[in-house]
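To start, the structure itself, in C-alpha cells.
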Amino acid sequence: MNHTRRDFVKIASAGFPAASLLSLPSAARAAVNSKISGVQIGTITYSFKGDVKKPDEIIPDLVKIGIGSVELMSNDGEMMAGAPPIPNFGFGVKLTPEQTAAIQEGQQKRREWRAKTTPATFQRVRKSFDDAGINVDILCYNMNQNIMDDEIDHAFRMAQAMKVKAISSTSTVAVARHVAPFADKYKIVWAGHGHTAVNDPNEFATPESFETIMSFSKYIGANLDIGHYTAAGYDPLAFMAKHHSRITNLHLKDRKKNDGPNMPWGQGETPIKEVLQVMRKEKYAFPANIELEYPIPQGSTSPAEIGICLDYARKCLQS
C-alpha cells in the first residue's frame, strides 16, 4: 500500500481499533509482522521522543503502525518496570543549581531502585510486549564515560532477564574495553552505536574505531547507523559486506553527507534502498530499525512519521 503523510496522520490520531487485543491472552493474539521480503523492519522507542507519552503507551502505537520488532530504550524499559523518574529539562539547556540537584537526586533514587530489581522486574516488561505480539529484539542502554561497574552489570542483567539478542549503546572506545569482560561473562553481545566524530579516536565513527572495539571480545559488535555513517563520509554497504556477522542491528535514517542534517527519507544521501535490498539479497537476519530524527512536520506526529518510514522501507523491499 502507498500511504501519504495525511493518511498516516489520520491513522495515528484515530481511536485505536485494536485496543481490545491487548486484553486478550497472548496465545489468542497474532504476532505483529513487519518482516518485509525477509527483512525485519523495527524501530527504536527513541523514535517516539516527539510525543508526550508514558513508555507503556508506545505499545499500542507499535501495534497500530504495524511494527513487530522493537529496540527498547533502557529508560523506557525501566519506567515501564516502575523506576522512579529522573527529571529531564531538555537537551543542551543550561541548568540551574536547583535543576542539577533535582537530577542528581533522581539519579540516586534510580540507583537505589536498580539495586532492588530482580529478573522478574524486567520479565514483566518483556511480557507486556509479548502480549501485544511485539518482539523486543534489542535493549538500547547508552553508557557514558563515567559509568560504574554496578550499572554495567545492571544493564546486562536487564538484557538477560528480557531475553534480548543484544545491547546497543552510544558510548566510547574506552567504555567498550571496560564492558568487554561483562559481555564475555553474560555471553550477550554489546554493540557500539556510531556517530560522526571522525577526529576523536575515542568515538565510534570510522571503520577503524568499530574494528578496534570488536577486537576486544567476540561479544562486542556494531549497531550500524547508516545515516550517521554516511554523514561521516563512509559507505554502509562496504561495512555490511565486511562485518555483517558482527552487526546486531541497523539504525535507518536519511542524512546528508559531510555531517549534513537529518532529512525526511528520500531527501538525504543515505543509501537506504540499496542497504535494504542488500539485506534482502544476502538474507541478513539482523533487524533494520527506524530511528526517527528528522524534524516532525507541523500537524504530524512521531507515530505517523514512523509509519511513513515503514512504508518507504516496504517500497524499497518490494521493488
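Taking Cα centre as origin and charging only the Cβ of basic (Lys, Arg, +1) and acidic (Asp, Glu, -1) residues, the dipole magnitude of region 75-207 rounds to 360 debye. By accessible area, using a 1.4 Å probe on protein heavy atoms only, the chain has 52% of its surface on carbon and sulfur.
Separation of region 144-159 and region 232-274, taken as the distance between their Cα centroids, equals 28 angstrom. Taking +1 at the Cβ of each Lys and Arg and -1 at the Cβ of each Asp and Glu, which of 86, 108, 168 sits farthest along the dipole of region 73-199 towards its positive end, judged by Cα position relative to the Cα centre? The residue sitting most towards the positive pole is 168. Placing +1 on the Cβ of every Lys and Arg and -1 on the Cβ of every Asp and Glu, with nothing else charged, gives the chain a dipole about its Cα centre of roughly 840 debye.
In straight-distance terms, cross-link reach from residue 94 covers every one of the lysines whose alpha-carbon lies under 24 Å from its own, apart from those fewer than eight places away in the same chain; here that gives 49, 109. For residue 281, the lysines whose Cα comes closer than 20 Å to its Cα, not counting residues fewer than 8 places off in the same chain, are 35, 242, 273, 315. Surface listing: 137, 259, 76 arranged by accessible area from highest to lowest gives 259, 76, 137, probe 1.4 Å.
Karplus-based coupling profile of region 67-72, in residue order and whole Hz: 10, x, 9, 9, 9, 8, with θ = phi - 60° in 6.51 cos²θ - 1.76 cosθ + 1.60 and x standing for Gly or Pro.
Amide hydrogen proximity for residue 251: with H placed 1.01 Å from N in the peptide plane, the residues at 5 or more positions away or on another chain lying under 5 Å are 224, 225, 226, 289.
Suppose a student asked you for the relative contact order of region 259-319, using Cα pairs under 8 Å spaced at least 6 residues apart; what percent would you report? That works out to 46 percent. Rounded to whole numbers, the Karplus 3J(HN,Hα) couplings from phi for region 242-257 are 7, 10, 4, 6, 10, 8, 8, 5, 9, 10, 9, 7, 10, 10, 7, 6 Hz, using 6.51 cos²θ - 1.76 cosθ + 1.60 with θ = phi - 60°, and x at Gly and Pro. Computed per residue of the chain from DSSP H runs no shorter than four, each worth -39500 (n - 2.57), the mean residue ellipticity at 222 nm is -12500 deg cm²/dmol. The residues of the chain have, on average, 47 Å² of accessible surface per residue, using a 1.4 Å probe with all protein chains present. Each of the trypsin sites (Lys or Arg not before Pro) that DSSP puts in a loop and that has at most 11 other Cβ atoms within 10 Å breaks the chain; the longest unbroken stretch is 188-282.
Here the relative contact order of region 175-261, from alpha carbon pairs under 8 Å that lie six or more residues apart, stands at 29 percent.
The values are calculated or read from the model by the stated rules, or taken from the named source; none is laboratory data. No experiment lies behind these values; they were computed from the predicted model shown. Positions of Cβ are backbone-derived with ideal geometry, glycine not excepted, and every protein chain shown enters the neighbour counts. What goes into the accessible areas is simple: the full protein's heavy atoms, side chains included, and nothing from ligands, DNA or RNA. Shrake-Rupley method; radii C 1.70, N 1.55, O 1.52, S 1.80 Å.
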